[in-house]
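Just below is one structure, and these are the notes that go with it.
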Amino acid sequence: MKKIILLLVLAFSAFISQAQNATLKAGDPAPDFKLKNVDGKEISFASYPKAKGFIVVFTCNTCPYAVAYEQRIIELDKKFRSQGYPVIAINPNDPEASKADSFDKMQDLAKEKKYPFPYLYDAGQKITDQYGAKHTPHLFIVSKSAKGNVIEYVGAIDNDPEGTKTEKTKYAEEAIAALQSNKKPAVTQTKEIGCTVKRKAKA
């Protein structure tokens, strides 16, 4: 009997873990957070009372794909922050698994690159798991609604991870353009391309 109970507990725990790690999709509520920015201040959605929505991107210091998209993320913030859609960047990597993604290193990078957006440290990867972010970069476009903050688009920033295409499909920009026209994005999900989120080895 004890073995059966133990097996049920383990199965339930596995189910809960999988549910927590499932990637959010369009129409899902966007979990709020309060995370430490590289300037030491805590940032949440409430930090932007006039925002119409948010460009939440899970990215990091080290992944070659994150590095390749860094300037494009900066440009997204420059273009859309004044239109009501600021970028909020979150580092999902555990610093024990990726030492170059420590909070100190995040501060160094944000200062060096003059990030115009917050770059948040997700201690314990709690928000990473709530969103189900799997790679860096992994983008979630959020809109404010009468029902609260809602996911509108999930996936890649565009279809050019190598940065070599002269013509590209700009998924993030197209999604925001639709929202600004009071429409739902035509494409609500794409496959994110990047490095897997780094986690410390389990004991």
Quiz item: Based on the Kirkwood radius over alpha-carbon pairs, what value in µm²/s does the Stokes-Einstein equation return for the translational diffusion coefficient of segment 78-171 at 25 °C and 0.890 mPa s?
Solution: 161 µm²/s
Quiz prompt | Entries of K52/K114; K79/K200; K41/K198; K147/K198 with Cα pairs more than 30 Å apart | solution = K79/K200; K147/K198
Quiz prompt | Shape of segment 119-189, Cα gyration tensor, a/c cut at 1.5 | solution = oblate
Quiz item: How large, in Å, is segment 12-121 by the Kirkwood hydrodynamic radius built from its alpha-carbon pairs?
Solution: 15.1 Å
Exercise. Please report, as a whole percent, how much of the solvent-accessible surface of the chain comes from carbon and sulfur atoms (probe radius 1.4 Å).
Key: 55 percent
Self-check item: Most positive-pole-ward Cα, C195, A46, V154, against dipole of the chain from beta carbon charges
Solution: A46
Quiz prompt | Overall dimensions of segment 18-58 as given by Cα atoms, namely Rg and Dmax in Å | solution = 12.3, 35
Practice problem: Can you spot the aspartates and glutamates whose alpha carbon is less than 14 Å from K78's alpha carbon? Ignore those fewer than 8 places along the same chain. | Solution: E70, E173
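Could you report the chain's accessible area per residue, 1.4 Å probe, as an integer in Å²? Intermediate values should be presented prior to the final figure.
Numbers: 11320 Å² over 203 residues.
On a per-residue basis, 56 Å².
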Quiz item: Helix hunt in the chain: which complete DSSP H runs extend at least 18 Å axially by C-alpha with mean Kyte-Doolittle at least 1.0?
Solution: 2-21
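Using only DSSP helix segments of four residues or longer, with each worth -39500 (n - 2.57), what per-residue ellipticity at 222 nm results for the chain after dividing by its residue count and rounding to 500?
On the way: 5 runs with 64 residues, N = 203.
Computed ellipticity for the chain at 222 nm equals -10000 deg cm²/dmol.
The values are calculated or read from the model by the stated rules, or taken from the named source; none is laboratory data. This structure is a prediction, so every number in the text was calculated from the model and none was measured. Every residue, glycine among them, receives a Cβ derived from its backbone with ideal geometry; neighbour counts consider all protein chains shown. To get the accessible areas, we keep the full protein, side chains included, count just its heavy atoms, and leave off ligands, DNA and RNA. Shrake-Rupley method; radii C 1.70, N 1.55, O 1.52, S 1.80 Å.
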